[in-house]
Each structure stands twice: as C-alpha cells, then as structure tokens.
Amino acid sequence: MNTMLRKSVLAIAGLTVAGGLAAGPLNHTDTTTNTSTTTVAQATKPDTTKLIPHGVQGNQSHIDLNDEQVANTKAIIAATKKTGMDERAAVVSIATALQESKLENLGHLGDRNDHDSQGLFQQRPSSGWGTVEQITDPEYSTTAFLKGLKQVDGWQNMPLTEAAQTVQVSAYPFHYAQWEQQAADLVAEHWNS
C-alpha cells in the first residue's frame, strides 16, 4: 500500500475511533459474578473531550510500542500526576516524546543527533535543560518539559502542536500534531493504571 493511501486509511481509522470515543459512553461496566454475590465495578477513564479539546489536526501517525516505550509512557503519566497537572498535560507530553524520540530514552547519537539532544524529549544540556544524567531520567525530563509548559500562557487552550512547539522550539513545529490521537489513547489507557 503506498504511503499516501496508508496515511489516509490510518487517518480515517483514527477519526472513526475518535468519533466513536466521543460519541460513545465514557465509562463502561464490568460485571463479575461469584457464587455469593454479583459485583458491578465502574472503571473510570479520562474524559476524551479533555484529552483532545480541539480535535486532532492533520493526518495521524501511530507506532506499536514495546515494553520500554510503555514504561516510558507510564513514567510520563506518573511525573505529570506528581507535578499536579492534568490528563491534557500528559497528552501534550506524550505526543511530544513520540515526535522527539518515539518514546525511547535516547542517549547521544553522534552525527545522527541534533546537536547534544538526548532523552525522551531530545532536551539539550547546552540549552539549560539539565545534565545528561538528568535529561535521560524520564521523571526529570518530563518534569522539566512540564515546567516549561506551565510557563506558556494559555497552553490549555492551544492546539497541541502550538503548546509543544512553544516549549520545544523545534525546527519542525507542526510535526507534534500527528501524535495527538495515539497520545490521547495512551493517556486514556494508562492514566488510572
């Protein structure tokens, strides 16, 4: 399947999923039966309108995650909660890390690297993000990113790509938008786990 057709199919599938999530029930009921009683438990998931308040922008990308990438996703969510920020901040953080490193905690890549960028967010020691040891620690790098995000006036009301770009100052400012759906899906899946 050619790349353009594949991206179109993935975008339509993403919109279908997003539409189904927005239109469907936000909570589901699991029923567990044992011999003495019937228990009904409610599993709460973040409100999808909070996760993607502006809707996704442009074609969406998606990658399958390995165990390390899932662990890094959970570390970003934990750091977001620790800073007292909400699910939307986690979506912006995860989408940024998906763009910058595909959720891999990258060390120095030599000539293949953008200057001295490292870690999940490709932060640079020479730009004041911290030491190499700090920015390759998922909790520290997420907290540093979120500290920058907090300083962006009105970030909560911005499209994801604008909020991320204001913190990251990337040469490719619109590339963050392509990860919004997957980031929102990951936050919905792992926020309460």
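Can you work out the FRET efficiency for the pair F174 and A71, with r the C-beta to C-beta distance and R0 = 25 Å, to the nearest 0.05?
0.30
Lysines near K50 by alpha-carbon distance under 24 Å, same-chain residues fewer than 8 away left out - which ones?
Answer for K50, where 24 Å is the Cα cut-off: K74, K81, K82, K102, K147, K150, listed by chain and number.
Accessible surface of V169 in the full protein assembly, 1.4 angstrom probe, to the nearest 10 Å²?
110
Considering the convex hull of the alpha carbon atoms of segment 69-193, report its projected area averaged over all viewing directions, in nm², one decimal.
Quarter of the Cα hull surface area: 6.9 nm².
Measuring from label point to label point, each 7 Å out along Cα→Cβ, what is the K102 to V132 span in nm?
With each label point 7 Å from Cα toward Cβ, the separation is 2.3 nm.
Can you sort Y172, Y140 by solvent-accessible area, 1.4 Å probe, largest first?
Y172, Y140
To the nearest 20 Debye, how big is the dipole of segment 75-193 about its Cα centre, given +1 on the beta carbon of each Lys and Arg and -1 on that of each Asp and Glu?
200
Taking the Cβ of V91 as the center, what net charge do the other residues with Cβ under 11 Å away carry, scoring Lys and Arg +1 and Asp and Glu -1?
Value of the local net charge: -2.
If I model a spin label as a point 7 Å beyond the Cα along the Cα-Cβ vector, how far apart are those points for K82 and K147 in nm?
About 1.3 nm, to one decimal.
Using 0.36 nm per residue of separation minus the Cα-Cα distance, give me the extension gain between T49 and D64 in nm, one decimal.
Extra length available between T49 and D64 comes to 3.0 nm.
The values are calculated or read from the model by the stated rules, or taken from the named source; none is laboratory data. Quantities reported herein were computed from a predicted structural model and do not represent experimental measurements. Virtual Cβ from ideal backbone geometry, glycine too; neighbours counted across all protein chains shown. Accessible surface areas use protein heavy atoms only, side chains included; no ligands, DNA or RNA. Shrake-Rupley method; radii C 1.70, N 1.55, O 1.52, S 1.80 Å.
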